Structure formats: structure tokens, C-alpha cells
Amino acid sequence: MTGLSPYDPQLIDFLRRELQVSGGAVMKQESTIKEEYPLRFDLVIDDGAKTYVIELRRVVRLADLAHPSLMKSLLTAGGISVTDIEFVIAGKRMTKEAEEAAGKTGIRLIKLPAAVGLTGSREKPGAVPVKLTSPKSWQVISHLLKMTGTSIRQLAIGSKVSYGWTHATIRALAAKGIVSDAGGYVKISDVGKLLNGIAWERPFERLLSREIRIHAENAVTLAQEICVVCEEERIPCAFTSFTAGAMYTGYSARHDTVYLYVEKKNTDPLIGLFDTESEGGITVRIYAPDRDVFADRRAFSVPGVWLVSPAQALLDCAGLGYGGRDLTMKLVEVYGGL
């Protein structure tokens, strides 16, 4: 079966314009909208007040309406309002039967430009999908980003990940058009698709735990103070996102906010050591790590400020989506030398 790739930047840009979603919308590839109803869709866009559930087809036929129609029925039967959920099927061509049925069932059809690329057959049902942002897969990918070309075996050795896992990760990347294989050597061929995939699979803002304001002269001074306090209290901490990205690249980012990893159990004790403000000051956004982000932390351009590793910073910046794309691309440029 030939379908449309939800990783295609041209396709995503078109859908963003057509649906008029905001720049902060969270996009999830091959996702469901309710865990109790594990029906997966090609793309789910969460735009705050509204959610778009999207299926992608080259030709939209009558049978293609069954999947979203079933989800609508299940949600309604479960007492869940679908007022703020729009079901969409996007395709290059629609049959007359599909158009008529869509009008009766309230499913929106979007005609795509002919230039949108095609992708090969999807993975066989039941195949275990490789999550690109899992710790092991990202270990492989982040190491590959530093290479101009390498064999899978050498990549496994260099990333310290088993050959089987490395091979599965490369296969997943290749299926999404992210890596190329020439003469037995693999390399990242489409950074844009990779970054889009990360943003959909692991939106960084989902890790947000708390947000507070603390009086300080500037963000750097506050970051140094937080690190001193954490050292004294033996609380592991590390700055990430815009804070780490700006320090690693020298790229001007936000100066009114710092982005900090602290385990949930340590969040309240740490906040209790500062005088917080309701207005003004520097904003501290605190995130709960979903993996060990402290083992490879390091100080870089600013003495006394712990940053997550460059690999973790790149993962988190990519997870910001379009809102952090400029900084992420700068980090990609210098990543090999960090």
C-alpha cells in the first residue's frame, strides 16, 4: 500500500496553513487521542482548544471513513464531547462516494497538492515500532549526527548500543526518509524530517512540572545561584532547552526565562529555598526528566552552571517544534564539535 508520509515537511506546512493551527500546536505521528480507545491515526494535532485527528491517503475512498467514524462513535458513546475534535482525511484525490459520505458524517476532507511525496508500504501490523526518542535510539541517532558516514556495525560500537538495536533504529530512520545508505555507509540525509519526528514523538513541554518567578539581575546570574543552592542541598539539576542551547551555540535566545531539569521529588524542596514572586523577575520553568539527564551534565561557557549533555540539549530543543527551530538548527551546526 502506498501512502503519504506524516514526516513530509511540505505536507505538514500545507496542513498547518489549511487548518490554521498555531505555531505552538503539538503534532504527534501515529498516535491515538484516548488511551482507552487505542485506535491510531496518522497524525494528531493538539492546538490547545482544538484537536485535529488526521488520516493520510493518496486516494480517499468510502472505506477510509470507517476508522475516524468509529472513533467518533466510541467517544460519543463514552460521554466524551467531540465538539472540539475535528476528524480530517487528507488525500490527493477523493472518490464521489467518499465525498458524499464525509458530508453526512461530519468528516472533513482536504485535497492535497499533487507535489506531496509518497512513501512505501507501512510496516507490517504487529511489528514493534522503534521510538526514535527512546534513550537507546537517541544514543544511536545523536552519535550518527556527528558522522559524515559510517557502517551500522561501527555506529553500534561508537554509540555503545547493541547491533540489533542500532540496526532497527537505522531501519526506522530509513523508512521515514531520514537516512541514506550509499555503499554500505549510512548518514543523516534529511535533518528537517528528523527534527519534525522528534517534535511529534516527544514534545518537550509535556515534561513541564512547575513554573515560578525569582528576582535576579539576569538569567545567567540566577542559573549560577540555582546551581550553588542545588550543590549545597545535594539536589541534582541541569539546565536545558533554550538555556543550554544558547550556551552551547552562543546564539541569542530568551533572557527572561531559564529552563531547568529537577526530579519531581526535589521540586518543592528546591522552590522552598527561594523567595518567589507573582510578577516580574526571571521565570524558572522546571521540567521532570523522563530519563537520566544528570549523568553526562557539564559546565560549558558559564562557570558554575550545569548543562545537560549536547545530545540531550539537542533532543529537548528539537522537542520545542517550530518555536525552537532556529536554535535547534544552530545546535545541529555546531553539534559535531561539542
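Comparison of 88, 21, 82, 53 shows that the only residue that is in a loop (DSSP other than H, G, I, E, B), touching a Leu at 6+ places or on another chain (Cβ under 9 Å) and surrounded by 18 or more Cβ atoms within 10 Å (Cβ to Cβ) is 21. Under the condition of being surrounded by fewer than 20 Cβ atoms within 10 Å (Cβ to Cβ) and within 25 Å of residue 338 (Cβ to Cβ), the residues counted in region 241-262 number 6.
Which pairs do you get when a residue that is without any contact (Cβ under 8 Å) to a residue 60 or more places away in the chain, found in region 267-296, comes within reach of a residue that is surrounded by fewer than 11 Cβ atoms within 10 Å (Cβ to Cβ) and among the hydroxyl-bearing types (Ser, Thr, Tyr), reach meaning Cβ atoms under 8 angstrom, with the pair 6+ apart or on two chains? The qualifying pairs do not exist here. Determine, yes or no, whether residue 208 is hydrophobic (A, V, I, L, M, F, W, C) and out of contact with any helix residue (DSSP H, G or I) (no Cβ under 7 Å at 6 or more places or on another chain). For residue 208, the condition - hydrophobic (A, V, I, L, M, F, W, C) and out of contact with any helix residue (DSSP H, G or I) (no Cβ under 7 Å at 6 or more places or on another chain) - is met. For region 211-227, check the following and say yes or no: at least one residue is under 30 Å from residue 32 (Cβ atoms) and surrounded by fewer than 24 Cβ atoms within 10 Å (Cβ to Cβ). For region 211-227, residues under 30 Å from residue 32 (Cβ atoms) and surrounded by fewer than 24 Cβ atoms within 10 Å (Cβ to Cβ): present.
Residues that are in a loop (DSSP other than H, G, I, E, B), surrounded by fewer than 22 Cβ atoms within 10 Å (Cβ to Cβ) and among the basic types (Lys, Arg) do not occur anywhere in region 317-336. Give the residue that is farthest from residue 178 (Cα to Cα), with candidates limited to residues of region 133-153 that are in a loop (DSSP other than H, G, I, E, B) and of a type in the set (A, V, I, L, M, F, W, C). Checked region 133-153; the qualifying residue farthest from residue 178 (Cα to Cα) is 147. A count restricted to region 20-74 and to residues that are touching an Asp or Glu at 6+ places or on another chain (Cβ under 8 Å), among the charged types (D, E, K, R) and farther than 13 Å from residue 109 by Cβ stands at 5. I'm checking my understanding of the structure. Among residues of region 55-71 that are basic (Lys, Arg) and under 26 Å from the mean Cα position of the chain (by Cα), which one is nearest to residue 40 (Cα to Cα)? Result: 57. Quick check on residue 295: is it under 17 Å from residue 138 (Cβ atoms) and loosely packed, with under 13 Cβ neighbours inside 10 Å? Answer is yes for this residue.
Of everything listed in (1) surrounded by fewer than 23 Cβ atoms within 10 Å (Cβ to Cβ); (2) outside any loop (DSSP other than H, G, I, E, B); (3) of a type in the set (Val, Ile, Thr), the single unmet condition for residue 302 is (2). With respect to (1) modelled with pLDDT of 90 or more; (2) touching a His at 6+ places or on another chain (Cβ under 6 Å), the lone exception for residue 152 is condition (1).
The values are calculated or read from the model by the stated rules, or taken from the named source; none is laboratory data. Quick caveat: nothing in here was measured; it's all calculated off a predicted structure. Positions of Cβ are generated from backbone atoms using ideal geometry, with glycine treated the same way; all protein chains shown enter the neighbour counts.
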